[in-house]
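Reviewing the structure listed below.
The values are calculated or read from the model by the stated rules, or taken from the named source; none is laboratory data. Since the model is a prediction, treat every value here as computed from it, not as a measurement. Positions of Cβ are generated from backbone atoms using ideal geometry, with glycine treated the same way; all protein chains shown enter the neighbour counts.
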């Protein structure tokens, strides 16, 4: 564990209400994955996004390279409709 990153503060920029709207299980999973990032670890299931895509998955976009904070920029459930 990288102790330098242990002090990252989570700053929810426009995403707090979006995350609160997630079902309980997805809110819990989101919190667990953000904790991993705070601790300097990669989330368990991540990938760079080339496109949002369909499928009903819950998505959280964040940035860690600004100061000593983890900025959660946006959170939403991807549209289930096929493109």
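Which one of these is at positive phi, at pLDDT 75 or above and loosely packed, with under 15 Cβ neighbours inside 10 Å: 56, 40?
Just a single option satisfies the conditions, and that option is 40.
Looking at (1) in contact with a helix residue (DSSP H, G or I) (Cβ under 9 Å, 6 or more places away or on another chain); (2) surrounded by 12 or more Cβ atoms within 10 Å (Cβ to Cβ); (3) at pLDDT 75 or above; (4) not in a helix (DSSP H, G or I), which is the one condition that is false for residue 64?
For residue 64, the exception is condition (3).
Since residue 18 meets every condition but one in (1) surrounded by 10 or more Cβ atoms within 10 Å (Cβ to Cβ); (2) at pLDDT 75 or above; (3) part of a loop (DSSP other than H, G, I, E, B), which condition does it not meet?
Checking residue 18 against (1) surrounded by 10 or more Cβ atoms within 10 Å (Cβ to Cβ); (2) at pLDDT 75 or above; (3) part of a loop (DSSP other than H, G, I, E, B), the one that fails is (3).
Looking at (1) part of a helix (DSSP H, G or I); (2) modelled with pLDDT of 75 or more, which is the only condition residue 4 fails?
Of everything listed in (1) part of a helix (DSSP H, G or I); (2) modelled with pLDDT of 75 or more, residue 4 misses just condition (2).
Might you let me know whether segment 68-78 holds any residue that is surrounded by 13 or more Cβ atoms within 10 Å (Cβ to Cβ), modelled with pLDDT under 75 and part of a loop (DSSP other than H, G, I, E, B)?
There is at least one residue in segment 68-78 that is surrounded by 13 or more Cβ atoms within 10 Å (Cβ to Cβ), modelled with pLDDT under 75 and part of a loop (DSSP other than H, G, I, E, B).
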